[in-house]
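The values are calculated or read from the model by the stated rules, or taken from the named source; none is laboratory data. As the structure is a prediction and not an experimental result, all values here were calculated from the model. Cβ: placed from backbone, ideal geometry, glycine included. Neighbour counts: every protein chain shown.
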Amino acid sequence: MSTITGRLVVNTINGKFGEFNVGTLYSALGDFVVKYDGLDEFSEGAYEGQFLVRRTYQKTRKFRVGIIIEPVVEIDEIWLDDAYEGGQEDMPSPIPDPVEEEMEESGQDPAESTLPSGSDNSSDEDPQALFGVLWPLGETVKLDPTVGRAIFRQQRDYLKANGYGFSSMDQAWSKRQE
């Protein structure tokens, strides 16, 4: 693993399974599509800092009548120096929802699928089942992105709906003061 300095630009896309974030990392080594389990917590914006890289590789995907080959970076950890939240003009070409990619990798057909069980984003869900060992929630909550993208999004949506705000610098959710 190595650490690189750069700028992460995050954009939000509304897909078949709800909103999801895509990221592009701009660095001295080049520009990369970002794979990071915690990316859905961030708001649209640009984030400068250091990024712990697990690996880099090239990925191909079909687009209309051709294919796109893009460099990808998998990030394990992020240490931010600065954050500029708000919409960015750097919108990438159409990118598949990471939940769809996970379904394809597990052999499911995303075209005929619905979001994995328990994903009806309502606040009537059992929060203890949704959060597991994180329940009961404290004033500050740090989500575990290894639970899977669909559950991670449900947790994020629950926190938003119940008065928590995400701090990109701390990479944690805090209860908003009323």
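Quick notes on this one:
- Entry remark, segment 121-156: residues being free of Cβ contacts under 8 Å to residues at least 40 places away in the same chain and either among the β-branched types (Val, Ile, Thr) or part of a helix (DSSP H, G or I) (or both) number 14 in total.
- Output for segment 147-166, where each listed residue is farther than 16 Å from residue 20 by Cα and surrounded by fewer than 14 Cβ atoms within 10 Å (Cβ to Cβ): 161, 162, 163, 165
- From the list 22, 65, 34, the one residue that fits, being without any contact (Cβ under 8 Å) to a residue 24 or more places away in the chain and of a type in the set (A, V, I, L, M), is 65.
- Meets criteria (free of Cβ contacts under 8 Å to residues at least 40 places away in the same chain and either of a type outside the set (A, V, I, L, M) or not assigned by TED's automatic domain parsing to the domain that holds residue 48 (or both)) for residue 161: yes
- The residue pairs whose first member lies in segment 68-87 and is on the phi < 0 side of the Ramachandran plot and modelled with pLDDT of 95 or more, whose second member is assigned to a strand (DSSP E or B) and acidic (Asp, Glu), and whose beta carbons are closer than 9 Å, counting only pairs six or more residues apart or on different chains, are 71/31.
- Every residue from segment 5-18 that is assigned to a strand (DSSP E or B), over 15 Å from residue 79 (Cα atoms) and in contact (Cβ under 8 Å) with a residue 60 or more places away in the chain: 10, 11, 13, 15, 18
- Looking only at segment 141-156, and only at residues there that are aliphatic (A, V, I, L, M) and out of contact with any Ser or Thr (no Cβ under 9 Å at 6 or more places or on another chain), the one that is nearest to residue 173 (Cα to Cα): 143
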